[in-house]
Amino acid sequence: MRVYVPLTLPGLAEAYKTGDLGTGLVAYAVTPALREWYLSDDIEELEYAALNRAAMAALRLLAADPGARRRRVVVAVDVPDEAAVADPDRGLDPSALGEVRVSGGVRLAKAAAVHVDADDAEADVAAAAAALEAADGGDDDAQFVVDGAEDHELLWFATQEIPNLVDLPD
């Protein structure tokens, strides 16, 4: 199963240094609830939806880490189907669509690709991270700002490019 692990650039740098994404990860995947919500049988569209859910989770990580460079990071990695489990109690919770917990350790070497915001997204991502709490509280203007980050497509990078990504100047 392909899962999408949300990170920040410092998180990616740490994973690169240790070779490990961690254990007990929260990631995003094509779950039955995501299929039902998205109403599509196209696996590429469904995986894109899971990637976008992970990008939103990466934005939440950025909001919690004001020192991190304002770029969302998502690592796509394949894990055994039985290693990624959705919480049945949260299956239809809109905030948990596509969310899975990955048991066991996940090696960065198993990653298929890395998705990262481009330079021109940083201002919008920074504004979105700052507005996230207000948006969660129901502020429509703040939600508009958060949605602005989603207008930026994450760029695809091969895993061999990770050293260049984590060495980005501050």
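Could you check region 82-94 and list, in sequence order, the residues that are within 25 Å of LEU12 (Cβ to Cβ) and open to solvent by 70 Å² or more (accessible area, probe 1.4 Å)? Before the answer, list the steps.
Of all residues in region 82-94, those within 25 Å of LEU12 (Cβ to Cβ) come to 83-86.
Matches in region 82-94: VAL85 only.
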Any residue at all in region 99-117 that's in contact with a Leu (Cβ under 7 Å, 6 or more places away or on another chain), open to solvent by 10 Å² or more (accessible area, probe 1.4 Å) and modelled with pLDDT of 95 or more?
yes
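Take the residues in region 1-54 that are assigned to a loop (DSSP other than H, G, I, E, B) and hydrophobic (A, V, I, L, M, F, W, C); name whichever of them is surrounded by the fewest Cβ atoms within 10 Å (Cβ to Cβ).
Kept after step one, since they are assigned to a loop (DSSP other than H, G, I, E, B), are these residues of region 1-54: 1, 8, 19, 29-31, 39-42.
With hydrophobic (A, V, I, L, M, F, W, C) added as a condition, the list becomes 1, 29-30, 39.
On the way: MET1: 16, ALA29: 24, VAL30: 23, LEU39: 8.
Out of the qualifying residues, it is LEU39.
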Does at least one position in region 77-84 carry a residue that is touching a residue at least 60 places away in the same chain (Cβ under 8 Å) and within 12 Å of the chain's Cα centre (by Cα)?
yes
Being surrounded by fewer than 19 Cβ atoms within 10 Å (Cβ to Cβ) and assigned to a loop (DSSP other than H, G, I, E, B), is that true of even one residue in region 119-132?
no
For residues that are at pLDDT below 95 and more than 18 Å from ALA123 (Cα to Cα), tally how many sit in region 148-159.
1
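Could you please find all residues in region 55-70 being open to solvent by 70 Å² or more (accessible area, probe 1.4 Å) and out of contact with any Leu (no Cβ under 8 Å at 6 or more places or on another chain)?
Filtering region 55-70 for residues open to solvent by 70 Å² or more (accessible area, probe 1.4 Å) gives 60-61, 64, 66-67.
Within region 55-70, ALA64, PRO66, GLY67 meet the criteria.
The values are calculated or read from the model by the stated rules, or taken from the named source; none is laboratory data. Since we're looking at a predicted model, the values are computed, not measured. All Cβ positions, glycine included, derive from the backbone under ideal geometry; neighbour counts span all protein chains shown. Surface accessibility is based on the protein's heavy atoms, side chains included, excluding ligands, DNA and RNA. Shrake-Rupley method; radii C 1.70, N 1.55, O 1.52, S 1.80 Å.
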